[in-house]
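Okay, structure first, notes after.
Every number here is computed from the coordinates shown, using simple stated rules; none is lab data. Everything numeric here is computed off the predicted structure, so don't read it as measured data. Note that each Cβ is placed from the backbone with ideal geometry, even for glycine, and that neighbours are counted across all protein chains shown.
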Amino acid sequence: MGIKLETDTKKYFLLVHRVKDESFNIEELHNYVLSLQIGVKDLQFCVTNSLQKVVLFESYSFENVKTVNTRVQAIADIYKNNAILSAGFWKNIFVSFKTHKFTLVPENLYADHSDLDFLEVNSVINPIIETTHHCLHKSLGLVNVFTGDLRLMKLIKSFYQSVEIKVLHQGGAFIEGIATVAQASQEREMMVYVDRGIFHIVIFENNSLHYYNQFAIKKNEDGLRYIMLLFQELGLQQNKTNITFWGNIDANSKFISLLEKYVKNIFFGKRPSELSFGYEFDDIPEHQFFDLFNIPLS
């Protein structure tokens, strides 16, 4: 059960998970890395030490938040209620945005100061309220160009004025994590990250990214339809191709039962092998929060 924290009569947020390793030491924040992920519906953060161990993890969901302004206020309220998160003296800080406004550009075609031009090919961007960012995926030869939120960036920077903030994209963190996992296989595989109402679908083959996109999912049949369309378009074989899931899903879900009627090889992923986790994380399924836990490795 989450804990509802009320900041006034209108704005709520829910603390869904809080896990603290026994080795966590608030006096060591200057040696810790803070990784923060922000979406329309939720916020998560984790703290890693110099040994790449996750020593703190918290996950929040927003309630009754229907506009950007109320989301900014909800996040500000979370900060007000969290002395660790609002501390300003971290070694490194990463902020990852969950956004559908992104594009992957071959590294050899990318030019500095061109983020807005690339994004406007497929998305409507409002520079007054949206920020633009890019992140190089060197091993894949790609640059991920994406948007952030100006009001959120101002809020976050107000807490971390003495530390440079590296801005990432949720899909980029997922792709980086998948690139490491995919090295063990030369076969074409489908990897799916299930977020709240969103499927992130990645196809890797021979250590190369062949496909990445996001799909809005309102019901189980939507997810099945998108997966089967990709099987058809990309020539994947239903009885041979592996599908690995991470995120907000479990083996006993109705969606998995539905998918099993059409696809034979369904698996669930694990946490990044480069990180370590104490026994305190035993109650968190290993395939969940893969995107967040890959942020400090990006």
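Tabulated data for the structure shown
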quantity	calculated
Inter-probe distance in nm under a simple model that places probes 7 Å from Cα toward Cβ, at Lys240 and Asn64	5.6
Sparsely packed trypsin sites (Lys or Arg not before Pro) within region 237-290, loop by DSSP, other Cβ within 10 Å at most 11	Lys240, Lys261
Sorted by Cβ density within 10 Å, fewest first, the residues Ile266, Ile26	Ile26, Ile266
Ascending count of other beta-carbon atoms within 10 Å, so fewest first, for Val194, Val143	Val194, Val143
R0 of 25 Å, Cβ-Cβ distance Leu29-Leu275: FRET efficiency to nearest 0.05	0.85
Under 17 Å from Lys264, Cα to Cα: aspartates and glutamates that are on another chain or at least 8 residues apart	Glu187, Glu189, Asp250
Fully extended contour minus Cα-Cα distance, from Gln232 to Val124, at 0.36 nm per residue	35.9 nm
Residue-span extension gain [Lys138 to Ser86] - 0.36 nm each, minus C-alpha spacing	15.5 nm
Cα-based Kirkwood hydrodynamic radius, the chain, one decimal, Å	20.1
Principal axes of region 99-235: Cα extent on each, largest first, Å	47, 34, 29
Restricting region 55-142 to trypsin sites (Lys or Arg not before Pro) in coil, as DSSP defines it, with at most 16 other Cβ within 10 Å	Lys66, Lys91
Max mean-square fluctuation residue, GNM over the chain, Cα-Cα springs under 10 Å, options Gly141, Gly177, Gly247	Gly141
Using alpha-carbon coordinates, inclination of helix 68-80 to the longest axis of the chain, degrees	60
Tilt relative to the chain, helix 220-234 - C-alpha long axis, 0 to 90 degrees, to 10	50
